[in-house]
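Presented below is the structure to which this report refers.
The values are calculated or read from the model by the stated rules, or taken from the named source; none is laboratory data. If you're wondering where the values come from, they're calculated on a predicted model, not measured in any experiment. Glycine also receives a Cβ, built like all others from the backbone with ideal geometry; neighbour counts cover every protein chain displayed.
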Amino acid sequence: DVKVTQSSRYLVKRTGEKVFLECVQDMDHENMFWYRQDPGLGLRLIYFSYDVKMKEKGDIPEGYSVSREKKERFSLILESASTNQTSMYLCASSWKAGELFFGEGSRLTVL
Amino acid sequence: AQTVTQSQPEMSVQEAETVTLSCTYDTSESDYYLFWYKQPPSRQMILVIRQEAYKQQNATENRFSVNFQKAAKSFSLKISDSQLGDAAMYFCAYSYTGANSKLTFGKGITLSVRP
């Protein structure tokens, strides 16, 4: 079975803190994604990566950056967390086009 | 740009009954994938069913089936013999078939199942 593991299920941070969300997949997938999920807004794509050291902006990249130094790991970084970044963050991976495999999600609260 | 629309935010179904969740999409592509994902409360998002646009036959997975109307750009999910475990958020999603494609999701629908 494909396994996508997100490092933290729940985080509480203060405004201005730097936040790292880690994601690891064990199926040698080429593509990895970070989505943000908010009630009434569905899933919105923040960043994605097609290969090591490659990254592409999604629909809402402002306030976020990413890092993919190894194929299996994709990190989402909030350089200076703000309250409007309180949300559920979902990592996913896929082999080329098609089905995404999701992690369990990281619920971030910024106070 | 591709868009996916789920116009109903919530639906409810009686256990053992059938329910249909609606989804429409907009694209200029001719070859693409459509998906329904399920997200149970506080649990991981999982794939329910997938449809390839070039296939005319509607996809089926056990109690789950789709009604794919390509010309109308409609992709509804039918759940037969609803069970309590079907209660979840359901997301419709679209992806073109390019090698580095990404999924576009609808806003989701919350399905409750009445015992």
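Summary table below
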{"read-out": "Within the stretch B:84-105, considering residues that are assigned to a loop (DSSP other than H, G, I, E, B) and more than 15 Å from residue B:39 (Cα to Cα), the one nearest to the chain's Cα centre (by Cα)", "value": "B:103"}
{"read-out": "Residue check for residue A:73: touching a residue at least 12 places away in the same chain (Cβ under 8 Å), away from every other protein chain (no Cβ under 14 Å) and not acidic (Asp, Glu)", "value": "yes"}
{"read-out": "Enumeration of residues in the stretch A:36-66 that are over 19 Å from residue A:95 (Cα atoms), part of a strand (DSSP E or B) and of a type in the set (Asp, Glu)", "value": "A:38"}
{"read-out": "Some residue of the stretch B:34-51 being exposed (fewer than 13 other Cβ atoms within 10 Å of the Cβ), out of contact with any Lys or Arg (no Cβ under 7 Å at 6 or more places or on another chain) and more than 25 Å from residue A:4 (Cβ to Cβ)", "value": "no"}
{"read-out": "Residue within the stretch B:55-70 that is free of Cβ contacts under 8 Å to residues at least 12 places away in the same chain, more than 11 Å from chain A (Cβ to nearest Cβ) and assigned to a strand (DSSP E or B) present", "value": "yes"}
{"read-out": "Subset tally (residues that are of a type in the set (Phe, Trp, Tyr) and more than 17 Å from the chain's Cα centre (by Cα)) for the stretch B:14-57", "value": "1"}
{"read-out": "Any pair with Cβ under 6 angstrom, 6 or more apart, that starts in the stretch A:1-29 at a residue that is part of a loop (DSSP other than H, G, I, E, B) and ends at one that is among the aliphatic types (A, V, I, L, M) and surrounded by fewer than 11 Cβ atoms within 10 Å (Cβ to Cβ)", "value": "A:14/A:111"}
{"read-out": "Breaking point among (1) modelled with pLDDT of 95 or more; (2) closer than 16 Å to residue A:41 by Cβ, for residue A:68", "value": "(2)"}
{"read-out": "Cross-chain or 6+ apart pairs with Cβ under 8 Å, the stretch B:100-115 first and facing chain A (nearest Cβ under 7 Å), then of a type in the set (Phe, Trp, Tyr) and part of a loop (DSSP other than H, G, I, E, B)", "value": "B:100/A:50"}
{"read-out": "Members of the stretch A:39-65 found to be under 23 Å from residue A:15 (Cβ atoms), touching a Phe, Trp or Tyr at 6+ places or on another chain (Cβ under 8 Å) and within 14 Å of chain B (Cβ to nearest Cβ), listed by number", "value": "A:44, A:46, A:47, A:61"}
{"read-out": "Qualifying residue in the stretch B:68-90 (condition: in contact with a strand residue (DSSP E or B) (Cβ under 7 Å, 6 or more places away or on another chain), within 29 Å of residue A:49 (Cβ to Cβ) and charged (D, E, K, R))", "value": "no"}
